[in-house]
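Each value in this text was obtained by applying a stated rule to the coordinates, not by laboratory testing. Treat the numbers as computed from the prediction; the structure is a model and nothing was measured. FYI the Cβ positions are ideal-geometry reconstructions off the backbone, even for glycines, and counts take in every protein chain you see.
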Amino acid sequence: MTTNRNIVFDLGGVLLNIDYHKTTAAFAQLGVQDFDSLFSQQNANELFEKLETGSISEDDFYAAVARYCAPGTNITQMEQAWNAMLLNFRTDAIEHLQLLRQQEYNIYLLSNTNSIHLRAFEKILLAETGFPSITPFFNKAYYSHQIGLRKPHAEVYRFVAEDIGVKPEELFFIDDSIQNVQAAIANNWKAYHLLPGQKIQDIV
């Protein structure tokens with residue numbers, strides 16, 4: 001449990017179920033060898049860093065990825081492979097966010113994501129809950145590709161704290177990636193590493 005009134009949630013692996021292996025397998029079908037060396041939960045190479053900080057366009061991203069794929073691979077195939085990791089929302093967690101707002105918690109979203117995934121997971125959310133966007137569930141949502149900063153770089157934690165207008169130690173962060181949690185703690189946030197099978201309802 002936390003006594004902090006300012007709670008920052010990660011998205012994938014916390015509110016949205018993710019399976020990176022599905023994207024790895026999908027790209028393998030397109031001829032990409034060892035996709036995990038390019039992008040995984042633990043790391044991302046420069047191309048994916050640029051996509052998730054909005055430094056390159058979707059077209060430029062697909063053009064770069066196509067070089068790893070079999071000849072003739074098209075954008076639709078690459079988009080489907082890239083989105084394959086996005087599964088379903090944890091609807092009980094979404095309901096809990098509404099409860100937290102009612103209890104006057106300030107809740108925020110801090111997600112490493114990109115414009116391609118944002119469109120895809122909002123379609124999933126709409127189909128599952130009828131809500132077109134997850135953003136209104138929060139006081140504010142910070143998407144890496146929109147703010148130009150990505151976890152676990154220290155700048156993103158400083159930016160979010162300053163933008164919210166609180167001291168770092170007044171923020172409580174929940175993320176499923178240990179490197180992001182460790183970086184938050186190093187920047188004086190309080191943080192919790194959410195393990196597989198755990199629910200945010202048990203923490204907050």
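At q = 0.13 Å⁻¹, what is the log10 ratio I(q)/I(0) for the range 46-178, with the Debye formula run over Cα points and no solvent?
-0.65
Cut-off 10 angstrom, C-alpha nodes, Gaussian network model of the chain. Which of E122, E49, E104 fluctuates the most?
For the chain, modelled as a Gaussian network with Cα springs under 10 Å, the answer is E104.
About the Cα centre of the range 52-123, what is the dipole size in debye to 20, counting +1 per Lys and Arg Cβ and -1 per Asp and Glu Cβ, all else neutral?
120 debye
Over 20 Å apart: what share of the alpha carbon pairs of the range 48-125 falls there, rounded to a whole percent? Don't jump to the answer; show the numbers that get you there.
Details: 1397 of 3003 pairs.
Pairs farther apart than 20 Å: 47 percent.
For the range 131-204, I need the span (max minus min coordinate) of the C-alpha atoms along each principal axis, in Å, sorted largest to smallest.
Reported extents, whole Å, longest axis first: 33, 31, 21.
Nothing charged except the Cβ atoms of Lys and Arg (+1) and of Asp and Glu (-1): what's the magnitude of the dipole of the chain about its Cα centre? Round to the nearest 20 debye.
220 debye
Mind checking the alpha-carbon convex hull of the range 18-90 and giving the volume per residue in Å³? Can you show the working numbers first?
Working: hull volume 6.8 nm³, N = 73.
Considering the Cα atoms of the range 18-90, their hull volume per residue is 94 Å³.
About the Cα centre, and with charges only on the beta carbon of Lys, Arg (+1) and Asp, Glu (-1), how big is the dipole of the range 1-113? Nearest 20 debye, please.
In debye, rounded to 20, the range 1-113 gives about 200.
Could you list, in their original order, any pairs among K22/K140; K50/K123; K50/K151; K151/K190; K140/K190 whose Cα atoms are separated by more than 22 Å?
With Cα atoms farther than 22 Å apart: K22/K140; K50/K123.
L97: net charge of surrounding residues, Cβ under 14 Å, Lys/Arg +1, Asp/Glu -1, itself excluded?
0
List the aspartates and glutamates whose alpha-carbon lies under 17 Å from that of K167, not counting same-chain residues fewer than 8 positions away?
Straight-distance partners of K167: E155.
Pairs of Cα atoms under 8 Å, at least six residues apart: use those to get the relative contact order of the chain, whole percent.
Details: 319 pairs, mean separation 59.5, N = 204.
Taking the mean separation of contacting Cα pairs over the length of the chain, I get 29 percent.
Quick one: of the DSSP bridges fully inside the chain, what percent are antiparallel, nearest 5? Don't skip to the end; give the middle numbers.
On the way: 3 of 20 bridges.
Roughly 15 percent of the beta bridges in the chain run antiparallel, per DSSP.
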